[in-house]
Every structure is written in structure tokens, then in C-alpha cells.
Amino acid sequence: MAGPAMQQPSFLLANLKIDSTTKPFLQCCQELVKIIDDYPAKELHLIFPWLVESVFGSLDGVIVGWNLRFLQACSNQYNIVMDFLNPSGPMMKLVYKLQAEDYKYEIPVSFLPGPVKVSIQEGVLPDCPLLNNKLHFPLSGLQTLSLALNPFEYYMFMFASSLITPKNYSLGQHVSSLDSAYFVLVDTYLKYFLPTEGSVPPSPFTNKRGSVSPPAPRAPSVPFAGYGTHSTSLLKRHISHQPSVTADPAAQEIWRSEALLQVFVEMWLHHYSLEMYQKLQSPQVKVRACHTWPFPLPGATPSPAPSPFSLHRYTEPFTPTEEHVLVVRLLVKHLHAFSCSLKPEQVSSSAHSHTSPLEELKRVVVHRFVQQKLYVFLQHCFGHWPLDASFRVVLETWLSYIQPWRYTGEKTNPQTDQNKGVPEKWSLFVQENLLMYTKLFQGFLNRVVRTDLVNVKNALMVFRVAKVFAQPNLSEMIQKGEQLFLEPEHVLHHRQHRCFLSPGHGGSFLSARQPVVTDRVFRVKSHVYGLEGQDCQYKQMFGTELRGTVLKLIQIIDQARQTAKKISDQSAEVAANNSFMSWFGMGSPDLNYTFNGGEVDDTGACVKTHEFLERSLDYLCQIFRLNAGQLSQLMATLGSGQDDGNSKQLPDSVQGEKGLILTDLGRMQVINGLRRFEIEYQGDPELQPIRSYENAILVRLFFKISSLVNERFGGHMDALCSRSDFLGQLGRHYLASPEAAADGRSPETRVTAERNRRPRLSLRMLASYRTLLMLLLLYLFGALFSSGPMSSTLLILTGGVIKTCTSILTSMGKENVGFWQK
């Protein structure tokens, strides 16, 4: 596991391990605080890896640690943990104390995210600034590679890894919330090391030995050849990760901020599926700009450089958890707030010499650190997340990123802000993040058309997206970005000699500012081709192809709205007419709970499903400029293909070899509750499964009794039911009628069908709880009039026979009247 390269025996470490299992938690923390204050860095260096693992858990998940993800504010240990781990607490003091002595700690490459790990093991250095000058090459070869991290990087790496490392938690510890210790610590570290106001507090210790100098920059003459070619500096700058004697003093101010950000981004966002991994290895995509080791490894034989397609061993089935996505959203929101806190004079100023390193970091943090990996992360989630309401966390993360204007620090009213629209100054952000708006919106549409929109939680997600994209000016900005991307290529030929001069081409971004390309066409094309490859087939958000999908979605939303409205009205009637008698089975059956409730919208009001869908229709019409006439014509076309009894018809399907096969229209009808298959029992009524309202013992008992009676008196029953007089009709009323033949749809045998057609006695209705309760009430009613059980039984049987005879005579009278009328 991670630790110093040459670890020596430490009596302090042995004593701490014993104390951690025998002493109370508070006492252990108090002793650790004293040890950190009193002991020299040489002793603390040996206990640091053990202490970090004890807090955050091991990278293989065997050691659980302090369970920060499940430690709630109501716990007695919560305040102790937060005081110990806060940015000014004892743990960070230990980190700074070791940082001043330039110690290194190793992390095996096998615990890096899947894509990075496989690239390194194949001998290809991926585009990951966290790896710069930190790979430790052992004599055994590439399979045992490790990273040599300084104390601050090692601490943040273990902290970030604890979120995604599977651990063997005990039962009852699988509930986490936004007020857990881990979530609060992430927020605290972000606010401390990436402050929106002021600067990062300096380290209390200074470097005595100096440190590793930053990596040598590339020559600034390297050209930017085409849009698909990638330079590692387009998203991140390779800069110094710790203070250095020879480094620019200004860089020492924010090296911790950059290290924290790089660790968080690499550990939380550098995960995706095998298909995405193979796509990113394409020569047309910028991640292909990996380069092989520029020097021979110790003990290794020279081998040909692997091609981008030789990285075939990545099979990580990574699926982020809801908690993981919530933390990513917290990171996105804070980075927007951090970037938006840039002073206005710094935004417009061209004098770089007066810009502080922290202000310069605010200027580039979102685009160069987060954009690419977040895009790939969200695209993976859109394609692999289950089609249920848990997708809301992914959706809100996406909406948070594409709305940076929400995090400017200005207090706004949601209703007035919706009418105000997106300020024009954000048009450049929209254009430089065009795929975040268009490609992911198309991915969302593909999910929605396969989702049950009658479910209020799914309807709320459609409403959220439609409301965001319907903000005034936003659709125009997106359309303008698409127009810039679609400009002819020949217009840009005279610009091909330009290049993005960045740290990968000329050092740290803290050095003098390089000339940047101001042409927005070039920016948009670079963004799209950089993320999707130069051979990508871009589908316009406002093009004719996607417009057809939008019209289909509008039809689905309107159908779901009608269904939800109908169910809502029915549930209201059921709730109004519900009474005590519904317990006896006389009331209407309960409707699905997802149809009856509501959800809270942005204003805090409770809104029902059909209301969310109605608003979503309005917003979609605003986004894609559909007028009332077009919408009404579309709805009329939809309504003409339906009828009033469509809920009772079978879904649209075709006949196959093994039965009916649903079409795409049929699947949509089933998902949205428009039509359904009627499920009913078609076998022997006496052999159907025991219902919840029946007593199982009585069902079996009455079945045996009726079987004995039917077997013994079957011939007499046949003779009785075959008569055409009054007794024959009375027998057919109480016994199964010979005319009650099967309809042929049930796969029953001929013998079974013959047996079911014969008259027989059925006592199963007496096993129903409703029947038993009614009999009990009748006996109690008889007892009030001093009637015994035998008398009450005789009266009940007499009443039943009189009622049956009356109904039979009435039906016979109607038949005679009809005969004489003819």
C-alpha cells in the first residue's frame, strides 16, 4: 500500500496502532494533536501514511477508516472529526510540516482511474498533469509503477479516492446525505483553497530544502495543426505543483489550489465506459496526444511504441453513484462561483503584470481544468444511467454547469430572473461550451422519449430542462454558436498557421500572457473538434433532424399530460367518495401513487404531473419557436389517431411467431399508460391462485368438500341443469352452467376444458373475508333479536333462495313478454 519508499521501524507508530484499538476516539485525537505539535518531521513522516489510511480508509477498501461519508452531524464524533480535518486543523498542520521537508509518498498506479491506469501500463503517458515528473520507475517493470506524491498531494489523493473506493461497510451504514462529514469537508476545502474572496492563506511552514523544479516546457514553436489535433495545454496548464526555490514566487501562492483541483478532477471525472475509452483513443480525438516514454526503463527491453489502438485492456464497468455525482455538482457550482468572483477590472484589463496568480486561475479554471472531463463524464452518465428518477442528480449537475450566471453572487428572484434572460456577456461561454448545450440536450431527448412521463418525478425533470433552455437569449446564443461552427472551412485557411500559445507550448500560465485567438469561429470549431474529433458528424440542435424528435417528444408529452390529468381527476373522485365500505371491496381500487402526488417546483409550490407537462410544452414551443397554430395542428393530428376508448384497446403491436410484438408506438403507449394489455386468469376458476382477500385454509378446505360433492353427485347436477323449467334455471344459477365454455384463448387441455364445462358446486366464495364478515354481521344482527345460530342460518338460506327465485321469475316473465310481442 502507499507509504514511504524505505519505511523504518517506528515505536511511535506501533504505540499509535495499539492506542487506536484500545482508547476512546476523543482521547486518540487529543494525543494525535499533541504528537503533531511536539514530534519532529522525521518521526511524523513514518506515521503519516498509516494515519491517512486510518482516517480515509485504504485504497483497496479493506480499511474503512472514519466513515466520513456516513458520519452525520448528529453523531458525537462529528465535531471532533471536523476540527481535526479542517484546513487549519491538526491534520493539515502535519501535512505542511512534512511538506517543508520535501518527503514523498507512493501511490501504486493500479489505484488510479481505469483509463489512466491502462494507458500507463501499456507504456503510454496520458494527458494528466497530476503525473508530471511523479512517476516512480521500479526495476520490475511497468506493472508495479507508482506515483511519488508530496504530502499535500498524497493527503488530497487519499481524500478524493475515499469517495469512489468500494468499502465493506457494516449493515445500517449505507445512508448518506448532503450534511455528511465528507460532503461538508469537500465544501470546506474548496472554499479555503479556491476562495471567492481574498487569497489562499499561506502555509505556516516554509520549505528548507527546496523542491523538484517544474517540468521543462515545450518549445513555443510547436504549431496547432488543425482542430482535431490536441495539445495537453488546451484544457490544463502544466505548472508547478509545489513551491520551488527556482520557481516564480508568484506561483507559490496557488500551487495548493491547483494541486487540489487537479486531484479532484482526475479522481472524480476521469472515469468512463469501454466504448468511450476506445473512442478517445481514436487518432482524430485529442486524447490521442499521449506520448510514449522518452527514455528506456530500468531492466526493460526496448519495445515498439504502442499504437493508440493497442490500449485494449480497459474493461472497467464504472458507474458513478448518486453521492459521487452530488460531490461533482458541488465542485462544478463552486468553480463557477470561483470563476465569477473575478474582479471586473481584471476581466477587461490587458495588463497581465498587475494580475495576481489567483485572479489568473479564476480566468481559466473552468475551461482548462474541467470542461473536457466533465463533458465525457456527463455523456457517460447520460448513456448508462438507469431510466428512473435517480437521474435527477446527473441532470442538476449538467444544468449547474451550463448556467454559470446563477453563481455570480448576485441575489436574484427566480421569477424575475427567468424573465430577465441570460446576459449577453455569457455568449462566449455558451459558444465555447457548445456541445454541453447541444449534444447533451440531444442525449436528454433520447432518454425522455423512453421514460414514463406520467411519473411526476420524470415530468419534473422535463420541466427543469425546458425551463432552463427557454431562458430569453439562451436559444439565440446556442443558435449563433452553431452558425459559427458551420461556417465554411475555406474561410479559415488563412488562419491555420496560428496556434494556441499555452503552458504546454510555453510554460506556466503564470508567465507573461501569450497572444490568444480572438476569432470566435476558430474557438467554436476547436471546441467541437477537440471533444468529438475532426471527423465528427455534428447534429444541429435547431436543425430539421432534431426538430422531428422534438415534435415527437411534444406528442408524447401531450399524451402523458392527458393521461395524468385523467388519473388525477379519477384519484380526486376516489378520495372524495372513499368510505368505510371500500374496506369490504366495494370501493374503487387504489391508483398508482406516482400519479396522485405532486412535486415542488422552483418557487416552492406543489405542482401536479399534468401541470409540469403543460408548462414543459409551453417552454418547448418557446425554445423551438412553435406558434399556437402549429401546436394545435400537431395536437389535432395526434388526436385524430385516437378514440375515446383508447385506454381499453391493446397497444400497437404486430403478430409474430410467438405472439404479439410491440412496435415503437406500442412501447410509448405502454410506458405512458395510454394503453395496456388486460391481464386476467383464464384457467380453472377453482385452481386460480389464492387472493389476498381470501383465507388460504378455508379455500383448500372448501375445495376438497366441493370436489367430493361434485364427484359423487355430478350426474344428478347434469340432469338438473339440463332441464328447461324453473328447477333447471335454479340449478344453473347455483351451479356452473354447461354453456360456460372456454373461449379458446387459454392453453388448457381438452380434458380440462370438458371438466370445466360440466356443472359443479363451488364453495370458494365462502372463503372470502368479505363474505365471512357479512355473515358475522348477520349473525350478530340475529343475536340482537334473540335468534340462535340455527335459526339465523335458516333465515339466511331462506332469504337467499327467495332472492334467487324472484330474479329467476322476473327474467322468465321478461322472456314471455318478448315472445308474445314477437
Discussion item. If I ask for residues that are part of a helix (DSSP H, G or I) and closer than 10 Å to F702 by Cα, which ones from segment 761-778 would you list?
Written reply: R764, M765, L766, A767
Item to complete: Please list, ordered by first then second residue, the pairs with beta carbon atoms under 8 Å, 6 or more apart or interchain, first in segment 760-773 and without any contact (Cβ under 8 Å) to a residue 40 or more places away in the chain and in the same structural domain as S706 (by the TED database), second among the charged types (D, E, K, R) and part of a loop (DSSP other than H, G, I, E, B).
Response: none
Practice prompt. Provide a single number: the residues in segment 381-392 that are in a helix (DSSP H, G or I) and either free of Cβ contacts under 8 Å to residues at least 60 places away in the same chain or surrounded by 21 or more Cβ atoms within 10 Å (Cβ to Cβ) (or both).
Written response: 2
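It is to be established whether one or more residues within segment 189-212 are within 18 Å of V55 (Cα to Cα), crowded, with 19+ Cβ neighbours inside 10 Å and modelled with pLDDT of 80 or more.
Looking for residues that are within 18 Å of V55 (Cα to Cα), crowded, with 19+ Cβ neighbours inside 10 Å and modelled with pLDDT of 80 or more, one finds at least one in segment 189-212, hence yes.
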Discussion item. Of the conditions (1) in contact with a His (Cβ under 9 Å, 6 or more places away or on another chain); (2) buried (at least 20 other Cβ atoms within 10 Å of the Cβ), F56 satisfies every one except a single condition; which number is it?
Written reply: (1)
Practice prompt. List every residue pair whose Cβ atoms lie under 8 Å apart, where the two residues are 6 or more positions apart in sequence or sit on different chains, the first residue falls within segment 519-530 and is in a loop (DSSP other than H, G, I, E, B), and the second residue, located anywhere, is at pLDDT 85 or above and polar (S, T, N, Q).
Written response: none
Worksheet item: Say we look at segment 53-106 and pick out the residues that are part of a helix (DSSP H, G or I) and among the acidic types (D, E); which of these is farthest from the chain's Cα centre (by Cα)?
Response: D83
Worksheet item: Are there any pairs, at least 6 apart or on different chains, whose C-beta atoms fall under 9 Å, with the first in segment 133-149 and open to solvent by 50 Å² or more (accessible area, probe 1.4 Å) and the second among the hydroxyl-bearing types (S, T, Y) and at pLDDT below 70, and if so, which?
Response: N133/S213
Worksheet item: Restricting the search to segment 445-469, which residues are open to solvent by less than 10 Å² (accessible area, probe 1.4 Å) and outside any helix (DSSP H, G or I)?
Response: L453, V454
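The values are calculated or read from the model by the stated rules, or taken from the named source; none is laboratory data. Note that the coordinates shown come from a computational prediction; the quantities given were computed from them, not determined experimentally. Ideal geometry is used to build each Cβ from the backbone, glycine not excepted, and the neighbour counts take in all protein chains shown. When the accessible area is computed, the model is the full protein with side chains, heavy atoms only, and any ligands, DNA or RNA have been set aside. Shrake-Rupley method; radii C 1.70, N 1.55, O 1.52, S 1.80 Å.
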